[in-house]
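All remarks here apply to the structure that follows.
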Amino acid sequence: MAATYRALASVLMLVGFYLVALLQLAVVVAAFGWLTRERSGLFATNVLWPLIAALGAVVVGLWRSLRTRDEPLPGLVLTEQDAPQLWATVRELADAVATRAPDEIRLVPEVNAAVTEQTRLLGLVGGRRTLLVGMPLLQAMRVDQLRSVLAHELGHFSGRHTRLGGVAYRGRLAIGTTINRIGRWNPIGMVFRGYARLYLLVDNAASRRQELEADRASVLLAGPEAATSALRSLPAIDAAWSFYTQRYVESGWSAGLAPDDLFGGFGQLLAARQEEIDRLREEAPEGSASRWDTHPPIGIRVAAMADAPAGGAAPDDRPAGVLLADVDAAGRALQAAVVEHGDRTLLPWPEFIAATLAASVQHRADTFYRAAGRFTGTTEPGLPTVLELVRENRLGEFAEQFFDDATRKEAAQRFAGPLETLLINAAIRSGRARWQLSWSAPAELVGVDGEPLDLAEAAKLAVSPQTLDEALARLTALGIDPGAATVVQTRATGRNAGLIGGMANVKLDGQKHDLLILDRGLVLVGNPGSSDEGKERLRRLAGSTTLEELAQSHTFVPFEEVTGVEVTREVPLKATLTLHDGRAVTLHESFTGDLLEPKSRDTLLEVFRSLDD
């Protein structure tokens, strides 16, 4: 019933969207004819331009939706040889819910499972079926929990939920494309935006009913405990995957490195942090209901499962990975199939972590080396530059830029923290230290003997002229050469930067630019385009590639190079930035400007105030 309802609703709502457009077309034609007779064709075009532009957006949206296919996610196709037990389980479950088994099982790098069907004639004729299974689920779940997930997805097939998936997908795409192409100031856009909200409300309500329907198959074929525990496990697995990618993978990736066994590493992390994962499962949030959600919250789904008929499925606490012939080989094959490494260097995990953290230390150290270079006028600054400031008793004068609330004497003492980073950089570059991988705790700095290496005490000694020589003697005894630690990145980049705002149609030195505000600087994009599409243009720009690459391909003004900011007007913003090399950059927000998010201007003003302190 839910599938029939969604099918009818999707078709009727999509037809209604284009009926609204046809009605507006009729209005345009009639009004154009009348205005042409009364005034002129040029006058009619200018007056009716918002309607004409909106109709053009509708045509583009329809054309794109008709030409786009709802393809399954990229992944690794699993043959019978790759996953004999998985195929047998899927066929068994398909028979149990009285549906045709999928034609293809595809392993994907997502904390998710899903089904798709390439239908024809608006879903009236079935087509090729694909079951998508996330590799992290196979690594983190028990067999009976994965059976529950598979039964749920096959329940979508038996309920014919996938038949109209293509219609719903094309409806969302057509309406979304239309809305995005209508200018912000076009009054006709209000009609289409209101209709789009109504469409999503109706379609999402039907989607939530389908999820509850498919949950009944989970309980029937896997049992209530497996079904509910699998559902509660999903947020925990998703959190573990996010932690893994952010803590272990992303820094190395941005440094031009990649692990040679991406999914194998996640398996090792799960094994090492099992107690933490179990706690996350127990603390899974119930969620709150929203009419905009496509899935009901976990609490509602679990409550509905308690009332669903249960079958006699036996518990099976084996790891779900046994359903594959070789889970480790499958992970490596999936990585080869879906991960674009580019020119990154592939390394085994111990070497990957060591190289990643060494690059991270160098990146942090370069910030201080560049500052020392600006402070002293040195073209090739490094640790010796900083140590010479200590010997000359000028460290406090240099360090106070990093500690706004400290006196020069206090700043010199507090610089022991940054100086420890510089000493670690020297130890690594001298070949006397490396970072040691741990899956259960942060990586540890160890010396050549494999024992932990602590340079905090040497750093405390090195900030004072009276104890500097003692610190240097300790470094020499460890075989650490301060001269080996020099700047690598001579100018700040967007590496590991965060996006905190954006402004469109800003004049910089009189020329129109779009502006992305990073937590490390400003990305200036010249000749951005039409004033009408500023917000959407900023969104496309921010999502087009990494922030580091955007900073490389456009003009980048690092905040560390700004010596002062004069704000002469806050709204619309007008300010002048003075750079370390003496240049001045004038920023002038236009009245046709647009913001990536409402607080973007306020965020930039806060940054300017902090730079001018």
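Given the residues Arg414, Arg432, which is the only one that is more than 30 Å from Gly564 (Cα to Cα) and of a type in the set (Lys, Arg)?
Answer to the selection: Arg432.
Just checking, how many residues over segment 352-394 are outside any helix (DSSP H, G or I) and touching a Lys or Arg at 6+ places or on another chain (Cβ under 8 Å)?
Matching residues across segment 352-394 total 1.
Each row is one residue, and each column tells you yes or no for (1) assigned to a strand (DSSP E or B); (2) within 17 Å of Asp316 (Cβ to Cβ); (3) in contact (Cβ under 8 Å) with a residue 24 or more places away in the chain.
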{"position": "Val77", "(1), (2), (3)": "yes, no, yes"}
{"position": "Gln81", "(1), (2), (3)": "no, no, yes"}
{"position": "Gln85", "(1), (2), (3)": "no, yes, yes"}
{"position": "Leu93", "(1), (2), (3)": "no, yes, yes"}
{"position": "Ala98", "(1), (2), (3)": "no, no, yes"}
{"position": "Ile105", "(1), (2), (3)": "yes, no, yes"}
{"position": "Glu110", "(1), (2), (3)": "no, no, yes"}
{"position": "Val115", "(1), (2), (3)": "yes, no, yes"}
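Mind listing whichever residues of segment 443-464 are closer than 16 Å to Leu383 by Cα, surrounded by 14 or more Cβ atoms within 10 Å (Cβ to Cβ) and either touching a helix residue (DSSP H, G or I) at 6+ places or on another chain (Cβ under 6 Å) or at pLDDT below 95 (or both)? Lay out the reasoning, then the answer.
Here is the first cut: in segment 443-464, the ones closer than 16 Å to Leu383 by Cα are 455-456, 458-464.
Right, trim to surrounded by 14 or more Cβ atoms within 10 Å (Cβ to Cβ) and you get 455, 458-464.
Correct list: Leu455, Ala458, Ala459, Lys460, Leu461, Ala462, Val463.
For Glu570, indicate whether it is surrounded by fewer than 15 Cβ atoms within 10 Å (Cβ to Cβ) and out of contact with any Leu (no Cβ under 9 Å at 6 or more places or on another chain).
It is false that Glu570 is surrounded by fewer than 15 Cβ atoms within 10 Å (Cβ to Cβ) and out of contact with any Leu (no Cβ under 9 Å at 6 or more places or on another chain).
Just a yes or no: is a residue in segment 585-593 free of Cβ contacts under 8 Å to residues at least 60 places away in the same chain and more than 29 Å from the chain's Cα centre (by Cα)?
Taking segment 585-593 as the starting set, the residues that turn out to be free of Cβ contacts under 8 Å to residues at least 60 places away in the same chain are 591.
After this cut, where a residue has to be more than 29 Å from the chain's Cα centre (by Cα) as well, the list is 591.
Yes, segment 585-593 has at least one match.
Ile517 fails exactly one of the following numbered conditions: (1) in contact with a Ser or Thr (Cβ under 9 Å, 6 or more places away or on another chain); (2) assigned to a helix (DSSP H, G or I); (3) of a type in the set (A, V, I, L, M, F, W, C). What is the number of that condition?
(2)
Got at least one residue in segment 526-542 being under 24 Å from Arg583 (Cα atoms), among the hydrophobic types (A, V, I, L, M, F, W, C) and crowded, with 20+ Cβ neighbours inside 10 Å?
Checked against the condition, which is being under 24 Å from Arg583 (Cα atoms), among the hydrophobic types (A, V, I, L, M, F, W, C) and crowded, with 20+ Cβ neighbours inside 10 Å, segment 526-542 yields no hits at all.
Do you know which of the residues in segment 245-291 that are surrounded by fewer than 17 Cβ atoms within 10 Å (Cβ to Cβ) and within 21 Å of the chain's Cα centre (by Cα) is farthest from Gln145 (Cα to Cα)?
If we take residues in segment 245-291 being surrounded by fewer than 17 Cβ atoms within 10 Å (Cβ to Cβ) and within 21 Å of the chain's Cα centre (by Cα), then Gly256 is farthest from Gln145 (Cα to Cα).
How about segment 235-328: which helices (runs of 4 or more DSSP H) wholly inside it have at least 2 residues that are farther than 30 Å from Ala206 by Cβ?
It comes to 250-254, 262-272, 274-282.
Taking the residues in segment 543-567 that are surrounded by fewer than 17 Cβ atoms within 10 Å (Cβ to Cβ) and β-branched (Val, Ile, Thr) as candidates, determine which candidate is nearest to Ser254 (Cα to Cα).
Thr546
Please identify the pairs in which a residue from segment 273-295 that is in the same structural domain as Thr228 (by TED's automatic domain parsing) and touching a residue at least 24 places away in the same chain (Cβ under 8 Å) has its Cβ atom under 9 Å from the Cβ atom of a residue that is of a type in the set (Val, Ile, Thr) and surrounded by 11 or more Cβ atoms within 10 Å (Cβ to Cβ), counting only partners at least 6 apart or on another chain.
Close Cβ pairs satisfying both conditions: Ile277/Ile237; Leu280/Ile237; Arg281/Ile237; Ala284/Ile298; Pro285/Ile298.
Can you tell me which of (1) of a type outside the set (Asp, Glu); (2) surrounded by fewer than 16 Cβ atoms within 10 Å (Cβ to Cβ); (3) out of contact with any Gly (no Cβ under 7 Å at 6 or more places or on another chain) is the one Gly502 doesn't meet?
So the condition that Gly502 fails would be (2).
Counting only residues that are part of a helix (DSSP H, G or I) and out of contact with any strand residue (DSSP E or B) (no Cβ under 9 Å at 6 or more places or on another chain), which one in segment 426-459 is farthest from Val487 (Cα to Cα)?
Glu457
Could you please find all residues in segment 345-375 being under 22 Å from Leu579 (Cβ atoms) and of a type in the set (Lys, Arg)?
Arg370, Arg374
It is to be established whether one or more residues within segment 363-376 are surrounded by fewer than 17 Cβ atoms within 10 Å (Cβ to Cβ) and acidic (Asp, Glu).
Within segment 363-376, none of the residues are surrounded by fewer than 17 Cβ atoms within 10 Å (Cβ to Cβ) and acidic (Asp, Glu).
The values are calculated or read from the model by the stated rules, or taken from the named source; none is laboratory data. Computed from a predicted structure; not experimentally measured. Reconstructed Cβ throughout: ideal geometry from the backbone, glycine too, with neighbour counts over all protein chains shown.
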